[in-house]
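Below is one structure, written out as C-alpha cells; the observations come after it.
The values are calculated or read from the model by the stated rules, or taken from the named source; none is laboratory data. Since the structure is predicted, the reported quantities are computational estimates derived from the model, not experimental observations. Don't worry about glycine lacking a Cβ; one is built from the backbone with ideal geometry, like all the others, and counts go over all protein chains shown.
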Amino acid sequence: MNRNYANNGVDKYLSIKIIVILSLAITIAYYFLYTLNHYFGRPSFVNKESEQIVDNPQGKSRIIRFLDARAKAQERREVPPMSPEEDKKDFYQKVALNIPFTFIMVFAVMMYCRGIFGKSFRRRSNELVVIILGTLVITFVLSAMITIIQMIIFPRWPHPNRTVFAYIMRGYLGDCSLMAIVLLMVYLVRTQYLGKMADVENESLRAENLTSRYETLKTQMDPHFLFNSLNTLKSLIDIDTAKAEDFVHQLSSVLRYTLKYEEVVTLEKELDCVRSYCKMMKIRYGDNLIFDHHINHDKYDNYYVLPLSIQGLIENAIKHNVVSSKQPLTVHILTDDDNHLIISNEIRSKIGKEEGTGIGLANLAERYRIKWNENVEIFDDGKIFSVTLPLKQNE
C-alpha cells in the first residue's frame, strides 16, 4: 500500500546549532588527518600520466585563460622548486585558506540535507537520489570556487603541465570523499534520533493500550455494569438456563480478551470478542438492540486493528443512546472498499444524560496516531454518529 514517506522533527536532530557543531568537528578532524598525511604519508591523487593533459583553449572563460597564460609564463621563467621552509609555509597558507571554505561546504551540504529531510517522499530511494545529486552539485560549485581562488592567490599555481580543469577535478574528487563522510554522519544522526523516537512512541502505545484495557475493564467491573449483568443473569436462570449459561460464557470470553495484552490484533480476532459482547447485549436488551454487520471477511479478516477499539465504540453507542421498544437502537458495523471499518448509529440522546468527556475517543485516536500515524475519523451531524477506523494490511 502506497504511503508518503516523511521525516518529521528534523529541526530537533538537525538544528542550526547541531549543524554548526558537526561542521566544525568534521572540518577540524579532516584537516588534522590531512596534515598528518602530508607529513607522514604519500600525497594523494598523484599520477604522473594524468599531469600530461592536452590544453584546449576553446570555450574557456577569461579567468581560466588567465591562469593558463600564467602557467606558461612560469614555465618560460623556469620557476625553481620551493625550499622546505617555503613548502611548509605554502602548505599552511593553503590549509588556512581551505578551512573556512571546507566549513562552508560541509555546512551548506548539511543545510541542504536538512531542507530535503523536511519534505515528504513516497519512497526512501527518491529522497536518497535527491540528496546525492544535490550534494554533488553543491560540492562541485564550492570546490571549483576554492580551487580557482587558490590559483589566483598562490603564484606558483598552477603547474605548467596541468590544466585548470585538472586541478578543479582533483580538488572535487577529494571534496566528494569528504562529503560522503558528511552524508554518512547526517544519516547516522537521523537514524539514531528516529530510533529513539520509535522507542518512545512504542512505549507510549503500550501505555495507551494498558490505559485503554484498564478503562475497559474498570467499566465492565463497574458496580452498575455488574449489577445489570447479575440481574440479567438472575432473570435468565429463572426463565431460561440455557441462555443463562450462554450469557456467562460470553461474559467470560469478553473479560478474558480484555485481560490478554496484545499491541495489535486481526480484525477477525477483534470481531470474535465483539460478537461475544453483542450477544451479551442482545440477551439483555432483546429486540430493542440491533447489530447490523456488513463485513467483507474474505478481504479484511487478516487486516489489523487496535484491540478493544470496536468493542469500545459499541459500548459508547449503547451508553449514550436510548435503547427501548419505542426507540430501538441499531448499531451498524461495516467495511468499505478503502480499507476502513465504520461503526455508526442514529443519535437517540437520553433525557438528562451527562455529557461524555470524550476521553475514550481521544485515547483511541491517539493510539492509532502513535502506532500507524493514521487518523480516526469522527462524524457527528446531530442525527448520525459514526467513527471510521483504518484497517492495516501489514503489521
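Structural remarks
- Restricting segment 375-395 to residues that are among the acidic types (D, E) and either in contact with a strand residue (DSSP E or B) (Cβ under 7 Å, 6 or more places away or on another chain) or in contact (Cβ under 8 Å) with a residue 12 or more places away in the chain (or both), the residue that is nearest to H320 (Cα to Cα): D380
- Test: residue in segment 93-116 that is closer than 20 Å to Y13 by Cβ, without any contact (Cβ under 8 Å) to a residue 60 or more places away in the chain and of a type in the set (F, W, Y): yes
- Going through (1) modelled with pLDDT under 75; (2) of a type in the set (A, V, I, L, M, F, W, C); (3) surrounded by fewer than 17 Cβ atoms within 10 Å (Cβ to Cβ) one by one, W157 falls short only on (3).
- Filter result (part of a helix (DSSP H, G or I) and more than 23 Å from T330 (Cα to Cα)) within segment 254-286: L255, R256, Y257, T258, L259
- V141 at pLDDT 85 or above, in a helix (DSSP H, G or I) and more than 21 Å from V20 (Cα to Cα): no
- Note on segment 311-342: residues that are over 38 Å from the mean Cα position of the chain (by Cα) and either touching a residue at least 40 places away in the same chain (Cβ under 8 Å) or not assigned by TED's automatic domain parsing to the domain that holds I283 (or both) total 3.
- Residue within segment 99-118 that is small (G, A, S), touching a Phe, Trp or Tyr at 6+ places or on another chain (Cβ under 8 Å) and surrounded by fewer than 19 Cβ atoms within 10 Å (Cβ to Cβ) present: no
Residues are listed down the side, and each one gets a yes or a no for (1) hydroxyl-bearing (S, T, Y); (2) under 23 Å from G360 (Cα atoms):
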residue: V274; (1), (2): no, yes
residue: Y285; (1), (2): yes, no
residue: N288; (1), (2): no, no
residue: I310; (1), (2): no, yes
residue: T330; (1), (2): yes, yes
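- Pair list, Cβ < 6 Å and 6+ apart or interchain, from segment 118-140 residues that are under 15 Å from R190 (Cβ atoms) to residues that are of a type in the set (D, E, K, R): F121/E127
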